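The values are calculated or read from the model by the stated rules, or taken from the named source; none is laboratory data. These figures come from a predicted structure and were not determined experimentally. Here Cβ is always computed from backbone atoms with ideal geometry, including for glycine, and neighbour counts include all displayed protein chains.
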Amino acid sequence: MSPQSVSAAENDAHASRPTERPGFRSGKTIGAISYPQRWHRDLLIQATLDPAVAAIEQATSSQRGQDPFEVFVWFGGQRRRLIAVREASDFTMPCATDTMVLARSFVLSEPRCSTARGIWACRNTPVSHGDRFRILGLLDQHSSGLPLRRLMECVRSETAESVDIVLAVICAGQAEVEIRSPLSPDITVRLRRGQSRPLPASAAAANPQNSISISV
C-alpha cells in the first residue's frame, strides 16, 4: 500500500480516552514503550524518524496515566527527559535544563504528523538485499541526499511499490528525511551515518565508563 497523506485529525477521535495499547518498538527504542494515547504514539514515531535522536527509552512515570507522557531521548551525546503535555499551559512546574516539553499541538502539526505517519505505514514492507544495497549505495555517493523519486528508480522489486520500499529503508534507520517537509517525490532522502546506540540507564549506572554525561 502506497503511503497517503493522513490528516492529523483522522484516527484521533479517541485520543482523549486512555486505553491499553501494545508497546511501541522501533530501531531506536530501548525496549517496548507503553503509551496511553494515540498522539503519544505519533510522538514516538516522530522521534524515531528524527535524525538528531539516537535512542528512546521508557520513563517510569509514563507507564500509567494520561498526562504528562514522558520518555528519555538521546541526541548530541546527551540523555534528556522529553515531556509531552496536552496543552502547553498544563505544564507549570519548573523545568530542568535537561528537560524538553512538547505540546500535543506541535506533535499533530502539519506536515510533520502526516509525513511521519505516511513513512511509518511502510515499516513492514519487505525489502530485498539487492534493493537495499542499491538504495544505500546510491545515497552513499551523494552526501547531500537525493530526491525520493531518484531512489525509487533503482528499485527492482515486483512485489511492492518502489516508494514503499524506500520508505521502509528509512523506517529501518538506514536513511533519513526531514519530517517537517511534506511527503512527496521531491523530498530529500539522506544516508543515515552510524550513531552508536547508548546503553539503558540501568546499564550505564553499572558501567560508569560508558555512562552519558548530561549538560546542565
Q. Can you tell which of Glu87, Glu153, Glu161 is surrounded by fewer than 18 Cβ atoms within 10 Å (Cβ to Cβ) and at pLDDT below 95?
A. Glu87
(Q) Please pick out the residue among Pro94, Pro36 that is modelled with pLDDT of 90 or more, over 22 Å from Ile179 (Cβ atoms) and part of a loop (DSSP other than H, G, I, E, B). (A) Pro36
Q: Give the residue that is surrounded by the most Cβ atoms within 10 Å (Cβ to Cβ), with candidates limited to residues of region 164-182 that are in a helix (DSSP H, G or I) and of a type in the set (Val, Ile, Thr).
A: Val166
Q. Can you spot a residue in region 43-61 that is touching a Pro at 6+ places or on another chain (Cβ under 8 Å), at pLDDT 90 or above, charged (D, E, K, R) and not in a helix (DSSP H, G or I)?
A. yes
Q: Within region 118-140, identify whether any single residue is surrounded by fewer than 14 Cβ atoms within 10 Å (Cβ to Cβ) and among the small types (Gly, Ala, Ser), and answer yes or no.
A: yes
